[in-house]
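Engineer: Structure in structure tokens, see below.
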Amino acid sequence: MPTVLARRIPLLDLRSQFAEVREEVMAEISRVCESQELILGETVRRFEQAMASYCSVPHAIGCASGSDALTLALMACDIGPGDKVLTVPFTFFATAGSIAQLGATPVFVDVEPTTFNMDAGKAIELLDSTDGIRAIIPIHLYGGCADMDPLCAAARKRNIPVIEDAAQSIGAEYQGRRAGSIGQIGCFSFYPTKNLGAFGDAGLLTTQDPELAAKLSALRVHGSNRRYYHDWIGINSRLDTLQAAVLNVKLRYLDQWTSARQANAATYTRLLTEAGVPVQPLTPASYQTRHVYNQFVITCDHRDELRRWLADSQIGTEVYYPLSLHLQSCFRYLGGREGDFPVSEDLTRRVLALPVYPELTADDIAFVVDRIAAFFR
């Protein structure tokens with residue numbers, strides 16, 4: 001058993017973040033309460049405009065969650081029963097879940113062992129050999145963009161859309177281009193643990209296409225552009241004004257929080273290298289020109305034992321993700337078997353997320369690295 005020291009480092013410290021913005025956030029919440037404009041409205045429009053500018057796109061459409069953003073994007077691209085959508089098995093459930101909810105079929109392709117994102121070469125091979133694929137959803141996992149140029153080129157050749165799952169990667173850049181500005185539609189989540197987190201569920205879609213923007217705006221309110229007149233069968237997925245008010249404040253701090261995450265990731269990488277421990281820190285690819293580190297992930301053997309060791313030292317960690325989607329019970333009907341996606345399956349056994357939140361100190365990081373080194377000694 002490790003020696004338990006008088007220090008506690010959670011995986012994420014939202015209380016410290018709130019302390020920094022408390023007065024501004026509470027003033028905005030009070031303003032919304034006084035106005036009683038609680039659904040959509042001017043506050044939401046201001047947030048949408050700010051996000052469009054931040055993501056370098058002309059259109060941003062708020063919705064109720066990141067999961068709804070994926071569903072709305074697929075609906076806007078007319079994906080439904082009989083269609084297939086290419087994505088990866090190493091990610092959060094919502095991506096494949098949204099495909100299946102619309103009656104379409106998730107088609108999985110393995111990920112790269114270094115970025116953990118869609119393997120573009122394997123994806124293109126699968127596109128060449130599989131009929132009926134109507135869209136591609138690459139995931140910008142952990143804060144770093146997937147390799148988008150070959151995927152977008154392959155999609156253009158086949159006249160199918162690319163929907164970016166950017167839930168973990170607000171502000172990330174691929175070859176200098178912002179996540180959410182590269183494919184036909186970008187999907188964002190503001191779940192509280194994200195780099196830009198709301199006080200509950202909230203989401204957003206981005207697009208360069210004015211027709212898609214208009215359709216998405218209608219689909220989030222039951223397919224209606226005018227009250228009680230419906231052009232499409234949509235869903236109820238409006239962004240609450242209170243959440244937009246909170247996000248309007250936090251967005252002003254996002255770049256400084258991102259810089260702190262990047263600095264923390266660099267410190268981890270340096271100290272882990274100096275310690276000579278047998279772990280591999282997440283290392284951005286050259287095309288990931290701005291990684292925003294929603295998570296700082298290491299891969300290692302004896303992951304579960306290391307996690308228990310760190311927990312005994314009051315260090316929070318998490319496994320994103322412990323079971324590849326093709327092996328989940330709910331997707332058994334797809335016929336996936338162990339060994340189908342060896343990189344994804346290997347990562348489920350070896351990835352471990354360490355604390356990387358902006359308020360983390362250099363001493364905190366040194367303590368975490370010291371405890372990791374002690375484990376391997």
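Engineer: Is there any pair with a first residue in segment 242-255 that is within 14 Å of P358 (Cβ to Cβ) and a second that is hydroxyl-bearing (S, T, Y) whose Cβ atoms are under 8 Å apart and which are 6 or more apart or on different chains, and what are they?
Structural biologist: Close Cβ pairs (under 8 Å, with a partner that is hydroxyl-bearing (S, T, Y)) amount to L254/Y54.
Engineer: Now a separate question. Considering each of N248, N236 in turn, give the residue that is under 20 Å from the mean Cα position of the chain (by Cα) and among the polar types (S, T, N, Q).
Structural biologist: Within the list N248, N236, the selection yields N248.
Engineer: Tell me whether segment 108-123 contains one or more residues that are of a type in the set (G, A, S), surrounded by 22 or more Cβ atoms within 10 Å (Cβ to Cβ) and part of a helix (DSSP H, G or I).
Structural biologist: Looking through segment 108-123, at least one residue is of a type in the set (G, A, S), surrounded by 22 or more Cβ atoms within 10 Å (Cβ to Cβ) and part of a helix (DSSP H, G or I).
Engineer: Which members of segment 331-343 meet the condition of being over 27 Å from Y268 (Cα atoms) and touching a residue at least 40 places away in the same chain (Cβ under 8 Å)?
Structural biologist: Across segment 331-343, the qualifying residues are F331, L334, G336, D340, F341, P342.
Engineer: Against the condition among the β-branched types (V, I, T), under 29 Å from C152 (Cβ atoms), within 19 Å of the chain's Cα centre (by Cα) and outside the structural domain of I137 (by TED's automatic domain parsing), how does T258 come out, does it pass?
Structural biologist: yes
Engineer: For segment 95-107, which positions are touching a residue at least 40 places away in the same chain (Cβ under 8 Å), more than 12 Å from S324 (Cα to Cα) and surrounded by 22 or more Cβ atoms within 10 Å (Cβ to Cβ)?
Structural biologist: Listed by number, the residues that qualify are T95, P106.
Engineer: Can we say K122 is more than 13 Å from L325 (Cβ to Cβ), free of Cβ contacts under 8 Å to residues at least 24 places away in the same chain and over 20 Å from the mean Cα position of the chain (by Cα)?
Structural biologist: So K122 passes the test.
Engineer: Can you tell me which residue among L323, L310 is aliphatic (A, V, I, L, M) and either out of contact with any Ser or Thr (no Cβ under 8 Å at 6 or more places or on another chain) or assigned to a helix (DSSP H, G or I) (or both)?
Structural biologist: L310
Engineer: Within segment 260-273, does at least one residue satisfy the condition of being of a type outside the set (D, E), buried (at least 19 other Cβ atoms within 10 Å of the Cβ), touching a Ser or Thr at 6+ places or on another chain (Cβ under 6 Å) and at pLDDT 95 or above?
Structural biologist: Looking through segment 260-273, none of the residues is of a type outside the set (D, E), buried (at least 19 other Cβ atoms within 10 Å of the Cβ), touching a Ser or Thr at 6+ places or on another chain (Cβ under 6 Å) and at pLDDT 95 or above.
Engineer: Out of all the residues in segment 100-111, is one or more at pLDDT 95 or above, within 17 Å of the chain's Cα centre (by Cα) and closer than 22 Å to D340 by Cα?
Structural biologist: yes
Engineer: I would also like to ask the following. I'd like the residue in segment 239-259 that is surrounded by fewer than 18 Cβ atoms within 10 Å (Cβ to Cβ) and not hydrophobic (A, V, I, L, M, F, W, C) and, out of all such residues, is nearest to R46 (Cα to Cα).
Structural biologist: R252
Engineer: Going residue by residue through segment 137-149, is there one that turns out to be surrounded by fewer than 24 Cβ atoms within 10 Å (Cβ to Cβ) and in a loop (DSSP other than H, G, I, E, B)?
Structural biologist: There is at least one residue in segment 137-149 that is surrounded by fewer than 24 Cβ atoms within 10 Å (Cβ to Cβ) and in a loop (DSSP other than H, G, I, E, B).
Engineer: Search segment 16-31 for residues that are at negative phi and pair each with any residue that is among the charged types (D, E, K, R) when their beta-carbon atoms are under 6 Å apart and the residues are at least 6 apart or on different chains.
Structural biologist: S16/E359
Engineer: Another question about this same structure. Within segment 344-359, is there a residue that is assigned to a helix (DSSP H, G or I) and either without any contact (Cβ under 8 Å) to a residue 24 or more places away in the chain or within 15 Å of G316 (Cα to Cα) (or both)?
Structural biologist: Yes, segment 344-359 has at least one match.
The values are calculated or read from the model by the stated rules, or taken from the named source; none is laboratory data. It should be emphasised that the depicted structure is a prediction, and the values quoted were computed from it without experimental measurement. Every residue, glycine as well, gets a Cβ built from its backbone with ideal geometry; the counts of neighbours run over all protein chains shown.
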